[in-house]
Amino acid sequence: MQQQRLYVDGRWRDSASPATIEVVDPATDEVFGVAPRGCAADVDAAIAAAARAQPGWAALPAAERIAALDRIRAGLQARADEAAALITREMGAPLWFSRQAQLGLPLKNLEIAARAMAQLAAQPEEVIASTRVVRDPVGVVAAITPWNFPLHQITAKLAPALAAGCSVVLKPSELTPFDAGLLAEVIDAAGLPPGVFNLVSGSGAEVGEPLVTHPLVDMVSFTGSTTAGRRIAALAAPLMKKLALELGGKSANIVLPDVALAQALPVVLKQGWANSGQACACLSRVLLPRALYAAAQAQLVALAAQWRVGDPLDPDTQLGPVASRAQQARVQALLRSGIEQGARLLCGGVEPPAGRARGAYVQPTLLADVQPWMRVAREEIFGPVIGLTPYDEEDEAVAIANDSDYGLSGGVWAADRAAAERVARRLRTGQVVINGSPLNLQAPFGGVKQSGIGREYGHHGLHEYFALKALQGAA
Ligand code: NAD
């Protein structure tokens, strides 16, 4: 049975509350661990420690903070297999995928933030006429993270925050507390000054909200649903806390008529179904030229038959279960609504895959004739479900893609790269993936509209953790 405690002020301690969270393996429905269900008193202790530690941490030369990040990366690398196995148990991703992506991304985040900070520290401070512009670390950061890429989302905040000279109190998702606990062990072994990093596990209401409203928290960096993001923004408003909000998405993948379907479609499926569609930037709305619509459907169905859903420990498994029974029920309800509203089921369906009654399994599903007004076209499904919509003109495709409350990501496929870029520039999103280009963790990531505020990754992500100060007359 997996167990852990809170990590506050450089040591492991029990929560002030006896309550616990039972963590369920979504592949088996079995409880495999218990984590503390923290409370407001734990939050007070963690923030007090973070506030005490922050000025000293910020005063260190950048090279020392960078060296600490490098030690954390080396420590995590050494325990990567163990961390990957934990994540697989927590949220169901196939073990090979956990090793490759769920650990590969965090290791890169740590490296990229360290290098971005080294570059920034080497640059002269900006001078504007008689003013020198200096960067102050924002201060104490509350990091609140989701379960879908748990260590990735944590390190996307933690690495730049620590590099910049901020201290951090982390509240991971209640579904995935143990990979965060492993990271806390790594950080402990890396020898950071006490209080620079603190971990308080627990629920959004009992730990997240006290963090957001605490007067000593200077910035809230949140990744999660738009619903929770709205609540956090409202709670943070009275004290004008700095916010970085990475929220939901409902991103469109536009296939232009000159495309070679055989090259594009295998990747189009990955862009919608990888991690069982539990990716904020997944491309779940596929827009196809009407002339290619029938051929694309036939090819997609044939390709979909090669996707194996099953035991996440089996190396031949492409998709494990979704992260929880609650997530399974949400996906099934939205799928049902899609079929009721007139979408046509091409493959997959509402029922779990054959022989998978135990566990939170969902069949990878293709819906055709999805209309832009349907719930499956407007709401984030966060499951392995792709909707297909035909279009006649490029302008219509762009209009359908932009007809969304969200603006996180998008995709364009075209043989003519200039045409692809022309369409990409017209999309109102924070990023657009051209011809299946791999994720670049040095480029800015984030959303417009209801997909959030701020950017993560690379030097743009690092800049979020500074406040500019103008020293008038200093130059
Ligand atoms: P969620 O919003 O339910 O929870 C995310 C985190 O916020 C958890 O730690 C949760 O405990 C906490 N939380 C919930 N309510 C809170 C409150 N009122 N105050 C403070 N904290 C609160 O999201 P989830 O189900 O864990 O993750 C799925 C969602 O995350 C999807 O909507 C997905 O699009 C989004 N997401 C976005 C990105 C991105 O970068 N844009 C990345 C991954 C996931």
Nearest 10, in degrees from 0 to 90: the angle of helix 177-190 to the longest Cα principal axis of the chain is 40
What does the charge dipole of region 309-428 about its Cα centre add up to, to the nearest 20 debye, if the Cβ of each Lys and Arg holds +1 and the Cβ of each Asp and Glu holds -1?
-> 440
Phi-based couplings in Hz for region 422-430 (Karplus 6.51, -1.76, 1.60; Gly and Pro marked x) | 4, 5, 4, 5, 8, 7, 8, 8, x
Would you compute the Debye intensity of the chain from its alpha-carbon atoms alone, equal scatterers and no solvent, and pass along log10 I(q)/I(0) at q = 0.06, 0.08, 0.09, 0.10 Å⁻¹ to two decimals?
-> -0.27, -0.47, -0.60, -0.74
At R0 = 22 Å the Cβ-Cβ FRET efficiency linking E126 and L60, nearest 0.05, sits at 0.50
Magnitude of the Cβ-charge dipole (Lys and Arg +1, Asp and Glu -1) of the chain about the Cα centre, nearest 20 debye, reported as 500
For L95, L303, ascending order of other Cβ atoms within 10 Å (fewest first) is L303, L95
Cα-projected label distance for D405 with E379, points at 7 Å along beta-carbon direction, nm | 1.0
Sequence ranges 19-27, 291-299, 400-408, ranked by mean other-Cβ count within 10 angstrom, highest first = 400-408, 19-27, 291-299
Listed residues P55, G92, V127: farthest to the positive end of the dipole of region 55-151 (Cβ charges) | G92
Protection proxy ranking, peptides 340-346, 198-204, average beta carbon neighbours within 10 Å, highest first = 198-204, 340-346
Could you line up K157, K469, K108 from fewest to most neighbouring Cβ atoms inside 10 Å?
-> K469, K108, K157
Which of K108/K250; K157/K270; K108/K157; K241/K469 have a Cα-Cα distance over 23 Å?
-> K108/K250; K157/K270
Beta bridges per DSSP with both ends in the chain, % antiparallel, nearest 5 = 40
Got the relative contact order for region 106-231 handy, in percent, Cα pairs under 8 Å and 6 or more residues apart?
-> 29
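Every read-out reported here was derived from the displayed coordinates using simple, explicitly stated rules and does not represent laboratory data. Not measured: the values here are computed from a predicted model. Note that each Cβ is placed from the backbone with ideal geometry, even for glycine, and that neighbours are counted across all protein chains shown.
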